[in-house]
Amino acid sequence: MRYELFIALRQIRARKFQTLLSVGAIALAVMVLTFSQALMVGFTGELYNATVEKLPHVSVSPQDGEDYIYLYRTLTERINSIEGVTTVSPFLTGQASFRFRDNSRNAELRGVIPSQESEISHIEEDVVEGNFRELEFSRNSVVIGSRLADKLEVNLGDSVSVTFPNANPLSLRVVGIFHTGSPLDESLTYTSLETARQFYDVPDVVNGISVRLSDFHMDQEVAVQIEEETGYNARGWTETNPAILRTIAIETTSGNVIYGLIIVIASFGVVSTLNLSVIGATGQIGMLRAMGASVSSIQRIFILQSGILGLLGALVGTFAGILASLAIGQYEIPGTESDIYAGMNYIPIIIRAQDIIFIIVAVFLLNLITGIYPARQAAKLDPVKAISTR
C-alpha cells in the first residue's frame, strides 16, 4: 500500500465525526438521486405504455384529394414488406350517434380487423367485460368504452341504435366493454370492418391504416419511406402527438437539473470537510514535508480522502436509495378516472443497473475533482510555519 493511501485512510479513521458527516451528506444526496431516477424512469415508462404503446407508430391516410384508400390490401402488403414494420391494421372510421332507451351520445365508430387492431392498440388488454375478438364472429356487434357504457346505461348483451346523417341505421349488440382510463373510454367504439362499411354505405375501402414498428423511435424514417414508395400520406406518432414528447422532455430536463444540483451540493460538503481537515492537520502536513514528502504526495493524500469519502457516500446512498425505491414501489395508488396513469395500481419504480453504476461513478469522480482545491491548499503550506503552528 502506498503511504499516501495509508495516511489518507488514517486521517479518515481519526476524524470519525467529520467522516460521518461527509459520508452522510453524500449518501443522503445520492439516496434522493437514486430514488428520483428510479421514479422518473418508472413514470416515463408508464407514460410510454399509456400512450405510445397504445398508439399506431405510423398512420397512413388517403392521397390528397381522396377520401378513401381503395386498393388497401395491396398497400398493406407493401407496407408490411418495409423493414421494421411488425403489424399493419386497416380501418374505416367516422362519427356515429349511439342511442339506448332515452340516452344518446356521439362517438367515433371504428371498423377494424380485430386480430390486427389488437396488435396495434393492445385493446384486448383493456377489455373488462366480454371479448374483443367476438367482433370477428358476430355480425352487427360493437365494443364500447366504459364511460360511454355508463352514460348510455348499457350492459353487455344490450343492443344500441346507431345512426348518423347519410348512414344506414343499425342495431349493434354490445359484445365487449373496455376501460383505458383515458378520454377514449367515452369517445371511441369498435366494430368489424364489414359492419362499418354497411353503416357508412361504402364499398370495399378504408380511410386509414395503422402501422406498428419494432422500434417506435423510427417512426419518422418509416413514414417518409412509406410516402416515397406508395404516394400515400404517412405521419409518425411524434408528429401526430407532440405533446407526449414535450412532457417527457420537460420531465427529463427538470430532473437532470435537480440531480446535478443535489450532487454539487453534496460535493461542496466534502470540500468543506477537507478544508477543515487541512486546518486541523497543518502540523502533520509540516512534519510530512520535513520528512521529505513531495508536494504531489500531499495533494494525493487529500485527493484520495475526497475520493474515498465520495465512494463510501455513493455506495451507502445507492443502497439506501434502492431500499427506499423498493419500499415506495409497494405503495398502492388510489384509483382515478381522469389520469393517463389511471391503470396503475402502484407507484412505478424501475431500478436500472446502468443508472446505479453511473451515479456511483459520477459522484466518485466529482468528489475527486472537488478535492483538488483543498489538496492544493494543503500542498502550499510552508513546512517551517506548519510545524511552528503544531
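Exactly one residue out of 148, 156, 172 is outside any strand (DSSP E or B) and buried (at least 20 other Cβ atoms within 10 Å of the Cβ), and it is 148.
The residues of the stretch 47-69 that are in contact with a Pro (Cβ under 8 Å, 6 or more places away or on another chain) and in a loop (DSSP other than H, G, I, E, B) amount to a single one, 68. Starting from residues that are within 18 Å of residue 161 (Cβ to Cβ) and out of contact with any Lys or Arg (no Cβ under 6 Å at 6 or more places or on another chain), keep the ones in the stretch 179-191 and report whichever is surrounded by the most Cβ atoms within 10 Å (Cβ to Cβ). Filtering the stretch 179-191 for residues that are within 18 Å of residue 161 (Cβ to Cβ) and out of contact with any Lys or Arg (no Cβ under 6 Å at 6 or more places or on another chain), the one surrounded by the most Cβ atoms within 10 Å (Cβ to Cβ) comes out as 191.
This table checks each residue for (1) among the acidic types (Asp, Glu); (2) within 24 Å of residue 226 (Cα to Cα).
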site: 77; (1), (2): yes, yes
site: 82; (1), (2): no, yes
site: 161; (1), (2): no, no
site: 176; (1), (2): no, no
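Residue pairs whose Cβ atoms lie under 9 Å apart, separated by 6 or more positions or on different chains, with the first residue in the stretch 33-46 and in a helix (DSSP H, G or I) and the second at pLDDT 80 or above and among the acidic types (Asp, Glu), are 34/355; 37/355; 38/355; 41/355. Filtering 254, 214 for residues that are surrounded by fewer than 13 Cβ atoms within 10 Å (Cβ to Cβ), in contact with a Gly (Cβ under 6 Å, 6 or more places away or on another chain) and modelled with pLDDT of 70 or more leaves a single hit, 214. None of 73, 10, 78 is surrounded by fewer than 18 Cβ atoms within 10 Å (Cβ to Cβ), of a type in the set (Lys, Arg), within 33 Å of the chain's Cα centre (by Cα) and in a helix (DSSP H, G or I) except 78.
The values are calculated or read from the model by the stated rules, or taken from the named source; none is laboratory data. What you are looking at is a predicted structure, and each value in this text was computed from that prediction instead of being measured. Here Cβ is always computed from backbone atoms with ideal geometry, including for glycine, and neighbour counts include all displayed protein chains.
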